[in-house]
Every structure is written in C-alpha cells, then in structure tokens.
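S.K.: Encoded as structure tokens, here's the structure I'll be asking about.
The values are calculated or read from the model by the stated rules, or taken from the named source; none is laboratory data. These numbers come from a predicted model, not from an experiment. Methodologically, a virtual Cβ is constructed for each residue, glycine included, from the backbone with ideal geometry; neighbour enumeration extends over all protein chains shown. SASA here: full protein model, heavy atoms, side chains in, ligands and nucleic acids out. Shrake-Rupley method; radii C 1.70, N 1.55, O 1.52, S 1.80 Å.
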Amino acid sequence: TTPVEFAFNPDRFGHVWQSHETPKYIATLTNRTSEKQVGTLKVTTKSYDGTEVGEHSRDLIVPPGQSISPSVPVPVKLFGYHDITATLTIAGK
C-alpha cells in the first residue's frame with residue numbers, strides 16, 4: 001500500500017466554472033503512517049486545441065495519521081475543455 005491516500009476533485013460539480021472564476025480543485029491527502037510525509041503535488045493543464053499548456057507545483061507536508069485538503073487553483077486563460085493531470089510525489093515515488 002501507499003503511505004498517502006490521494007484524491008483530486010473539483011470544488012464545483014461537473015468541472016464547470018463561470019468566466020470570472022478561477023477553477024479550483026481540492027487535493028485530499030491522508031497519511032496512513034506514523035511519520036510525517038513530505039511531497040510535491042504537480043498539476044498540468046492542456047487546452048482542447050493544445051495551444052495553452054500550464055504547470056503548477058506545490059510542496060506539501062502531511063502530518064502522521066492525519067489528512068489535509070488544500071485548495072489548488074488552476075488558472076487558465078482559454079475558455080472550454082482542458083485536460084488536467086495531478087501527480088503526487090511522496091518519498092521520491
């Protein structure tokens with residue numbers, strides 16, 4: 001099993017935001033161990049037509065046996081569909 005359980009969900013149902021809003025996701029991380037876990041969350045985006053690509057990283061610390069749920073803004077310029085990938089690296093894995 002992995003030391004940290006990871007979920008990445010939109011703060012809005014259906015992944016739909018208004019033009020004046022910045023899309024946000026909630027990263028829920030649960031530490032299953034008795035030691036703090038240190039890692040990096042990397043989020044990449046790509047517009048439907050491929051002309052807008054973004055990457056955002058954030059360092060995270062998950063206390064032993066606890067959960068954290070940071071909000072992760074994902075600023076994009078183009079309206080419409082974007083592919084999004086969230087990758088969590090903990091202890092080099």
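S.K.: Starting from the Cα of Lys36, draw a straight line to each of the lysines and keep only those under 19 Å, dropping any in the same chain fewer than 8 residues away.
M.R.: Filter leaves Lys93.
S.K.: Using a 1.4 angstrom probe and counting only protein chains, how large is the accessible area of Asp11 in Å², to 10?
M.R.: Per-residue accessible area (Asp11): approximately 70 Å².
S.K.: Taking a probe of 1.4 angstrom, what is the accessible area of Glu5 in Å², to the nearest 10?
M.R.: Per-residue accessible area (Glu5): approximately 90 Å².
S.K.: Just to be sure I understand: if I project the alpha-carbon convex hull of the chain onto a plane and average over all orientations, what area do I get in nm²?
M.R.: Computing the convex hull of the Cα atoms and averaging its projections yields 6.3 nm².
S.K.: Could you compute Rg(Cα) / (2.2 N^0.38 Å) for segment 54-93, with N its residue count?
M.R.: For segment 54-93, the normalised Cα radius of gyration comes out at 1.50.
S.K.: Run the quick spin-label model on Asp49 and Glu5: label points 7 Å from Cα toward the beta carbon, then report their separation in nm to one decimal.
M.R.: Between Asp49 and Glu5, the label points sit 4.2 nm apart.
S.K.: Would you work out what percent of the accessible area of segment 1-56, with all protein chains in place, is carbon or sulfur (probe 1.4 Å)?
M.R.: Whole-percent figure for carbon plus sulfur exposure: 49.
S.K.: For the chain, set up a Gaussian network in which alpha carbons nearer than 10 Å are linked by springs, and say which option among His20, His56, His82 fluctuates the most.
M.R.: His20
S.K.: A further question on this structure: Quick one: what are the phi-derived ³J(HN,Hα) couplings along segment 82-93, Karplus 6.51/-1.76/1.60 with θ = phi - 60°, whole Hz, x for glycine and proline?
M.R.: For segment 82-93, the Karplus curve yields 9, 6, 9, 10, 10, 10, 9, 10, 10, 6, x, 10 Hz.
S.K.: Can you give me the accessible area per residue for the chain, using a 1.4 Å probe, in Å²?
M.R.: On a per-residue basis, the chain sits at 68 Å².
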